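All remarks here apply to the structure that follows.
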Amino acid sequence: MSIEVVNITKSYKNFTALSDVSLQIPEGELVALLGPSGSGKTTLLRLIAGLEQPEQGSILFNGEDNTDRDVRERRVGFVFQHYALFRHMNIFDNIAFGLTVRSRKTRPSKQEIHERVHSLLKLVQLEGLAHRYPSQLSGGQRQRVALARALAVEPKFLLLDEPFGALDTKVRQELRRWLRHLHGKLGLTILFVTHDQEEAMELADQVVVMNEGKVEQVGSPEEIYNRPANPFVYSFLGRVNLFHGRLRDGKVQLGETEYETQWGQKTGEYPTIGYMRPHDVEISLVPHVGQSVKAQIRRISLLGPIVRLDLKRLDTEEMFEAELTRQRFLELQLEENKVVYATLHNVSF
Ligand code: ADP
Ligand code: MG
């Protein structure tokens, strides 16, 4: 089912948590809501689920206005942040919960519930654990039970609020792969919240970048990384170097190189900041005439296949980072305190 959020505004007392947010989620897509803590992600999910009401705007499912519809009638599956399983219920009863609490009229028979729970246990690869209690499962297994419970009511879409937030890296990575697989298998529309850019990039068809109650950009992982709409999106999506410069009629001089502005004004003169990814710094032992800045290596971090250098510009004393492959690092025989030349590619002012 498609979800459409139209000009939603939501305040708590006099604090605006969401301001004029609009969003379209096509049927069957896996969409990530990405933003720092406090940017309004959970609020938006709660509004879509029907747990909160907006002051303004509307929420449509398949084009039909659902803004005033009760949460129980929305057929939404959700796994909320810190939403624990029922500790006193075994896994079977946890998964069956949403079905057993239904009114007699809509409740499936015992036999149907039994079959559905067992097929969900199979889907989340926890067959044979129906009689265990949550305390007898690992964190990753519990998260899969929470997903099975959300799926039990045959939701029209799934809302997941930082579903893997509390788990360690390895388990998170496994669950991400598993969620991707599940999405492919079920073809369900999924809106999934994270503050982890890597998770959003790896999983999502579309990423919605949020900040301070507003949508900053919507696009594929490729688009938001390579064509960020503004400096916030740029710096939120990965490690970034900042360079201070002066913009004069749309151009900035950095070291010996002139750059054209992308986000700044095209006329006048004022101080500005340039943004650049560490992997776009090219390190060499001889200067590229007219293009390089001279810098000293202050620190070397070996990070598996890549190496990160903390560098200090000799002209302005500004610090910046470079990332290069391990192989290139070995070729250049780099060491701390060595002076090198850095060519800065793809700086965005
Ligand atoms: P996120 O999930 O992106 O971290 P939230 O949607 O939880 O952000 O919160 C957005 C903002 O709204 C935060 O500043 C938060 O403090 C505020 N907020 C959320 N819920 C409430 C509430 N029930 N009462 C008052 N303020 C709230
Ligand atoms: Mg949240």
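Where a number appears in this text, it was derived from the coordinates with a stated rule and is not lab data. Since the model is a prediction, treat every value here as computed from it, not as a measurement. For neighbour counting, all protein chains shown are included, and Cβ atoms are generated from backbone atoms with ideal geometry for every residue, glycine included.
So which chymotrypsin sites (Phe, Trp or Tyr not before Pro) in segment 19-105 are both in a DSSP loop and have at most 15 other Cβ atoms within 10 Å of their Cβ?
Working: sites: F61, F78, F80, Y83, F86, F92, F97; in loops: F80, Y83, F86.
Those that pass, being in a loop and sparsely packed, are Y83, F86.
Which ³J(HN,Hα) values, rounded to whole Hz and listed in residue order, are derived for segment 239-248 from phi using the Karplus coefficients 6.51, -1.76 and 1.60 in 6.51 cos²θ - 1.76 cosθ + 1.60 with θ = phi - 60°, glycine and proline given as x?
Rounded to whole hertz, the list is 5, 8, 9, 10, 10, 8, x, 10, 8, 10.
With the cut-off at 1.5 for a/c, could you classify segment 204-318 from its C-alpha gyration tensor as rounded, prolate or oblate? Before the final figure, lay out each step's value.
On the way: a/c = 2.28, a/b = 1.22, b/c = 1.87.
Oblate is the answer for segment 204-318, as a/c is 1.5 or above yet b/c matches or exceeds a/b.
Which of the GluC sites (Glu not before Pro) found in segment 1-89 are in a DSSP loop and have at most 14 neighbouring Cβ atoms, other than their own, within 10 Å?
Working: sites: E4, E27, E29, E52, E55, E64, E73; in loops: E27, E29, E52, E55.
For GluC sites (Glu not before Pro) across segment 1-89 that sit outside H, G, I, E and B with at most 14 neighbouring Cβ atoms in 10 Å, the list reads E27, E55.
Suppose a student asked you for the relative contact order of segment 126-245, using Cα pairs under 8 Å spaced at least 6 residues apart; what percent would you report?
Relative contact order here is 17 percent.
Give the relative contact order (percent, whole number) for segment 45-131; include only Cα pairs under 8 Å separated by 6+ residues. Working shown, then result.
On the way: 47 pairs, mean separation 17.1, N = 87.
Value for segment 45-131: 20 percent.
Where a ≥ b ≥ c are the square roots of the eigenvalues of the C-alpha gyration tensor, would you call segment 1-120 rounded, which needs a/c under 1.5, or, failing that, prolate if a/b is larger than b/c, or oblate?
Numbers: a/c = 2.17, a/b = 1.78, b/c = 1.21.
Prolate shape, in that a/c is at least 1.5 and a/b is the bigger ratio.
Listed highest first by mean packing, meaning other Cβ atoms within 10 Å per residue, what order do 224-234, 9-19, 297-307, 157-167 come in?
On the way: 224-234: 18.0, 9-19: 14.3, 297-307: 12.5, 157-167: 21.5.
Highest-to-lowest ranking by the protection proxy: 157-167, 224-234, 9-19, 297-307.
Just to check I understand the Karplus step: with θ = phi - 60° and J = 6.51 cos²θ - 1.76 cosθ + 1.60, what whole-Hz values come out for segment 26-34, glycine and proline as x?
Each residue's phi maps through the Karplus curve to give x, 3, x, 8, 9, 10, 9, 9, 10 Hz.
Taking H placed 1.01 Å from N in the peptide plane, check which residues at least 5 places from V215 or on another chain put their amide H under 5 Å from its amide H.
S22
Show the residues, 5+ positions off or on another chain, whose built amide H is closer than 5 Å to the amide H of T189.
Amide H neighbours of T189, under 5 Å, 5+ apart: G28, L158.
So if each residue of separation counts as 0.36 nm, and I subtract the Cα-Cα distance between E258 and E127, what length gain in nm does that give?
41.0 nm is the gain from fully extending E258 to E127.
Let's see if you can work this out: charge +1 on each Lys and Arg Cβ, -1 on each Asp and Glu Cβ, no other charges. What is the dipole magnitude of the chain about its Cα centre, in debye to the nearest 20? List each step's numbers first, then the result.
Values: 44 positive and 45 negative charges, 303 e Å.
Value, rounded to 20: 1460 debye.
Restricted to Cα positions, what overall size does the chain have along the principal axes? Three whole-Å values, descending.
Cα extents, longest axis first: 79, 45, 33 Å.
For a footprinting-style exposure proxy, rank R144, R239, R46 by other Cβ within 10 Å, fewest first.
Final ranking by Cβ density, sparse to dense: R239, R46, R144.
Of the listed pairs K170/K294; K251/K294; K13/K41; K214/K251; K266/K338; K156/K214, which have alpha-carbon separations greater than 28 Å here?
Check vs 28 Å cut-off fails for K170/K294; K214/K251; K266/K338.
Please tell me the relative contact order of segment 239-344 in percent, rounded to the nearest whole number, where contacts are Cα pairs under 8 Å and at least six residues apart. Walk me through the intermediate numbers first.
Values: 226 pairs, mean separation 29.6, N = 106.
Contact order relative to length: 28 percent.
Taking every DSSP beta bridge with both residues inside the chain, roughly what % is antiparallel (nearest 5)? Could the numbers behind the result be given before it?
Numbers: 58 of 76 bridges.
Counting only bridges with both partners in the chain, antiparallel ones make up about 75 percent.
For segment 133-149, take each phi angle, set θ = phi - 60°, evaluate the Karplus expression 6.51 cos²θ - 1.76 cosθ + 1.60, and give the result in whole Hz per residue in order, putting x for glycine and proline.
Whole-Hz 3J(HN,Hα) from phi for segment 133-149: 9, x, 5, 9, 10, 7, x, x, 5, 5, 5, 5, 5, 4, 5, 4, 4.
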